[in-house]
């Protein structure tokens with residue numbers, strides 16, 4: 001019987017919780033996987049990796065695995081003889097230092113896992129685009145209207161300057177001042193950072209439509225997927241929409257790459273009846289289940305990244 005390889009993700013800090021999510025995705029399709037970090041995340045994500053500060057203990061875990069993935073473009077010192085090595089690029093570190101990071105990793109790895117499409121084509125070896133999964137069992141949808149008399153929108157940026165809040169808020173205010181819509185729209189905005197589970201709860205309880213971001217990065221972050229898993233209609237920028245359709249298939253993101261498009265989408269939603277809004281909520285959740293559940297991402301990672309059949 002063919003041995004199923006084991007996978008170890010290594011990080012100093014799993015900044016976006018991506019390693020833990022990818023690991024759980026692999027576990028869901030029968031691949032034993034573990035995440036090792038040196039310190040926990042301040043946002044309090046559930047099921048973070050195992051904190052291991054002792055290099056000897058970490059090396060023993062490396063010795064007992066078959067595949068190692070270096071998370072967040074950071075090399076963890078160790079002896080990796082006879083191990084299959086991969087790297088995950090998924091944040092500002094790679095955006096700022098891609099040349100030096102590629103020089104470090106390209107000679108030693110098989111493939112580079114790229115989280116967001118704008119980081120593709122920057123010189124990483126054998127790139128594979130792999131968006132992170134969401135826990136569709138933990139994050140459950142609620143398709144009911146928050147307020148039966150109006151459509152509720154929300155925007156909760158962890159970094160307003162990066163999420164386009166200075167663009168989003170004035171557009172919402174313009175629409176709310178329009179007599180045609182003033183009684184049909186509600187809006188919740190809060191830039192206060194909260195831990196992960198509290199953010200999920202406030203999105204769940206505050207809106208029918210979540211505006212994730214516009215501008216800066218050009219593509220949505222995992223918060224958009226989490227809002228979609230909650231059964232929210234999601235508006236965000238998605239400059240790689242066409243590439244996504246080639247790589248994955250159709251999606252249910254309402255794409256607003258410009259201020260004009262953002263305003264148009266909001267007004268179009270406000271003109272829909274509640275039955276259609278609820279249909280859109282259900283379609284958005286179904287999309288996440290089909291393409292971004294643990295099983296869907298685990299299968300993609302198993303086959304397209306590691307070549308395990």
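Worth a mention:
- Inverse of mean 1/r across different Cα pairs in the range 126-204, Kirkwood, Å: 15.2
- Taking the C-alpha atoms only, the angle from helix 18-28 to the longest principal axis of the chain is near 80 degrees.
- Extending 7 Å from the Cα toward the beta-carbon at both residue 56 and residue 138 defines two label points whose distance is 3.3 nm.
- Efficiency of FRET from Cβ geometry, residue 241 and residue 127, R₀ 25 Å, rounded to 0.05: 0.85
- 0 to 90° range, to nearest 10: angle between helix 92-105 axis and the chain longest Cα axis: 20
- Relative contact order computed over the chain (Cα-Cα under 8 Å; 6+ residues apart), in percent: 18
- Alpha carbon Rg of the range 151-292, scaled by the compact-globule rule 2.2 N^0.38 Å: 0.98
- Cα pair distances in the chain, grouped into 20 Å bins until the bin that holds the longest one, percent each: 32, 54, 13, 0
- Antiparallel DSSP beta bridges within the chain, as percent of all bridges there, nearest 5: 5
- Distance between the pseudo-spin-label points of residue 174 and residue 205 (7 Å out from Cα toward the beta carbon): 3.3 nm.
- Comparing Cα centroids, the range 73-130 and the range 190-220 end up 28 angstrom apart.
- The chain, helix-only ellipticity at 222 nm - DSSP H runs n ≥ 4, -39,500 (n - 2.57), divided by all residues, nearest 500: -11000 deg cm²/dmol
- Acute angle (nearest 10 degrees) that the helix 196-206 long axis makes with the longest principal axis of the chain, alpha-carbon atoms: 20
A short reminder: the numbers here are calculations on the coordinates, not readings from a lab. This is a predicted model, so every value here is computed, not measured. Cβ atoms come from the backbone with ideal geometry, glycine included; neighbour counts cover every protein chain shown.
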